Each structure stands twice: as structure tokens, then as C-alpha cells.
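Visitor: Before I ask anything, let me first share the structure, which is written out below as C-alpha cells.
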Amino acid sequence: MKIYRRLLKYLHPEVTYRISHILMKYCIIPIEKLCNTNYEVFNTRFKILNVDIPIPIGVGAGIDKNGELIHIFSKISGFHVVGSVTLHPRSGNRHPRLYRYVDKFAMLNAMGLPSKGFKYVVARLERLKVNIPIICNIAGFSNSEFIIMSKILNNIENVKIVEINISCPQYRGVDLHNSEILDRLLEDVRSVCRKPILVKVRPRSLDVREIVKICEKYSNVGLTISNSFSTITSCMSSGVGGFSGLPIYRLVKRIVKYVREFSDIEIVACGGIFHGKQVYELLEKYGVSAVQIVTAIAFEGPYAICRIVKEFLMYYR
């Protein structure tokens, strides 16, 4: 296992991304040896938008884009986000599209929404037998694409929450953070889907207030704060990458704190969460419902979830 974690940390991120997914997909990683924490010590049932979760720590979008790793993480996490899923298959951007800052515990990501497509993911979700809630993160290039996917997800029992990704840099020319556009999108999605909805936003506080106002118009809608921080870079083939990892935790926390000044909307925090103390702070001080882990898993594999849960227990008790 030490060799596996060392490979994740020091090999080229494109290589480790593929290797780690193969190891997890085919259960080569002995997950039962990774984590020996007794999750039954959590005597409080946590919730996201009235959906019960056993622990408030789960896998965020980007780790399992096609629903192929749920069998691994369902053993150690409180919930699992699949996606982002697009209606049609996409290969994503050209390489290079990943860059790792080892010393900063951070990454640049310009994957470009690669996806095997909604039909493939739905087929996997329909035949799953899992004991934790599944959140499906969807990305669409038009309202009709969001509507089609939301309508089908509404009838898939394993999917408990739909997460709408409005913050991907691939949405060039369309600003889903625009209040009028977002309002119409939520109205359309809510007309075909009665399941709880999370709206995943970008890490900017300038437009969060308007977004919150729109979300509060609809029942059982919350926010995921936030996506990666978009930045111009020569490291990526696309010229633009999403910066994620430990350095953006302060930014995410600042946005959550800002929202709490004027709203009690339900929030799931995501971004720079590497330690159990951060989870405890977000839950106890800022009233978030749960946290999503992404970049920490990219650095450590499934062990990151196990470690963060154990650290959280030290404070939660």
C-alpha cells in the first residue's frame, strides 16, 4: 500500500489517474485493510437535503466519472458522487490535462468533461446494490440536456440527489451563474425531477448571493461550494485549468462563511479538504451538511477517506 501511495504522489498524474482507476475498478486494492474504523460510533444520523448519510464525508465529482468505482468507496464513505456525466460520450481535452503540485498538495485539471455518456452511467446505476446514497453530477450544454438527464434520474432508485454542475469552464459562451438563466434551468429541471438538487458553483463570492436567492425559490435545493478555481495556464492543452487542493480551502471557507451571513440554505462543502479538523470546523462552525473529498483522493487514493474519517472522529467525539 505504501508503494501504491508513493506512485500516486510522484508518477505523472495522467499515468497515476489510469493506474489507480484500474486498481480500484478491479478491486486490486485491499480496501478492508485500508480502513478499520467502526463507523457505528456515529450515533447521529447525518443528512443532505433530508437524505440520510451514515457519515458526513463522501467522494466528490471527478473521481468516479462513470460510476465504476462505487463498489470500492461504498465501503468507506458516507455518500458517493458520480460524474460529471454528460448526455453524450465525450473524450475530453487533449493531453496534457492534469498537473500536480506535489509540495502544495494541489492540482491543475483541464479534463474537459470526459464521459462515457449518460446511457452507460444509467445502465450501471440501475443494477447497483449499494448501502450509501448516490449523488449524480450532471453537466449539460443546453437546458434540454439537463432536462433529459434529470427526468431519467428521477426514476432511478439508487440516485438520491441530483447535482447540477453550473461551474465547468467547458460552458464557454453560456454563463449558468446568470440569475435568469439559472432560474429557468432550475424551473425546467424541477418540472421533471422531484429529487433533492445540489447546485455546484464556482469559487467566487461575487455572484453567490443571487444564486442563493434563485435556489431558495425552489424546494429541497442546496449548494455545493465549490468547484475548482479557474486559472489561465500554459501547463494545459486548453490553456485553462481548474486549480484544486489544499490552498483553496481558505477560499471555500470564506465563501461558506459569506453565505451564512444571509442564508441558512443547505451547503455541501468541497475544495481543499485534506484533514478531519477541517471537516469538523465546516460542520460545527459553518453549519455545512457534509463535505466532498476529491484532490486528497487523487494524492492518496481511497486511504484519504479512511484517514480523514479517523481524524474527524477525534474531534467529533
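The values are calculated or read from the model by the stated rules, or taken from the named source; none is laboratory data. From a predicted model like this one, the values you see are computed outputs, not experimental measurements. Reconstructed Cβ throughout: ideal geometry from the backbone, glycine too, with neighbour counts over all protein chains shown.
Visitor: Tell me which of these Ile255 doesn't satisfy, since it passes every other one: (1) touching a residue at least 24 places away in the same chain (Cβ under 8 Å); (2) farther than 17 Å from Asp207 by Cβ.
Guide: All conditions are met except number (2).
Visitor: Any residue in the range 138-150 that is under 17 Å from Lys65 (Cα atoms) sitting within a Cβ distance under 6 Å of a residue that is hydroxyl-bearing (Ser, Thr, Tyr)? List the pairs, counting only those 6 or more apart or interchain.
Guide: Listed pairs, sorted by first residue: Ala139/Ser84; Ala139/Thr86.
Matching residues to (1) modelled with pLDDT of 95 or more; (2) hydroxyl-bearing (Ser, Thr, Tyr):
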position: Thr86; (1), (2): yes, yes
position: His95; (1), (2): no, no
position: Tyr101; (1), (2): no, yes
position: Asn109; (1), (2): no, no
position: Leu128; (1), (2): no, no
position: Gly140; (1), (2): no, no
position: Lys151; (1), (2): yes, no
position: Arg172; (1), (2): no, no
position: Ile181; (1), (2): no, no
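Visitor: Taking Phe105 as the residue in question, decide whether it is among the aromatic types (Phe, Trp, Tyr), surrounded by 15 or more Cβ atoms within 10 Å (Cβ to Cβ) and more than 28 Å from Gly272 (Cβ to Cβ).
Guide: In short, no.
Visitor: Scan the range 220-232 and give yes if some residue there is surrounded by 15 or more Cβ atoms within 10 Å (Cβ to Cβ) and aromatic (Phe, Trp, Tyr), otherwise no.
Guide: The answer is yes; a qualifying residue exists.
Visitor: Now a separate question. Determine whether Tyr120 is assigned to a strand (DSSP E or B) and more than 18 Å from the chain's Cα centre (by Cα).
Guide: Criteria not met by Tyr120.
Visitor: Restricting to the range 107-124, name every residue that is touching a Cys at 6+ places or on another chain (Cβ under 8 Å) and either among the acidic types (Asp, Glu) or under 29 Å from Leu246 (Cα atoms) (or both).
Guide: The answer is Leu108, Leu113.
Let's see how each residue does on (1) crowded, with 21+ Cβ neighbours inside 10 Å; (2) on the phi < 0 side of the Ramachandran plot; (3) under 15 Å from the mean Cα position of the chain (by Cα); (4) at pLDDT below 95:
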position	(1), (2), (3), (4)
Val268	yes, yes, yes, no
Ile273	yes, yes, yes, no
Glu281	no, yes, no, no
Ile293	yes, yes, yes, no
Phe299	yes, yes, no, yes
Val309	yes, yes, no, yes
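Visitor: Something else: If Phe73 satisfies all but one of (1) crowded, with 23+ Cβ neighbours inside 10 Å; (2) closer than 20 Å to Val221 by Cβ, what's the number of the condition it fails?
Guide: (2)
Visitor: Take the conditions touching a Gly at 6+ places or on another chain (Cβ under 9 Å), of a type in the set (D, E, K, R) and under 22 Å from Phe73 (Cβ atoms) and apply them to Glu157. Does it pass?
Guide: no
Visitor: Follow-up question, since we're still on this one. Could we say that Val221 is under 17 Å from the mean Cα position of the chain (by Cα) and of a type in the set (A, V, I, L, M) here?
Guide: yes
Visitor: In addition: Only one residue in Tyr218, Tyr258 is in a helix (DSSP H, G or I) and over 22 Å from Ser77 (Cα atoms), so which one is that?
Guide: Tyr258
Visitor: Would you check which residues across the range 86-117 are in a strand (DSSP E or B) and farther than 16 Å from Ile148 by Cβ and list them?
Guide: Scanning the range 86-117 gives Leu98, Tyr99, Arg100, Tyr101, Ala106, Met107, Leu108, Asn109.
Visitor: Please work out which one of (1) crowded, with 20+ Cβ neighbours inside 10 Å; (2) touching a residue at least 40 places away in the same chain (Cβ under 8 Å); (3) under 18 Å from the mean Cα position of the chain (by Cα) is the condition Arg97 fails and give its number.
Guide: (3)
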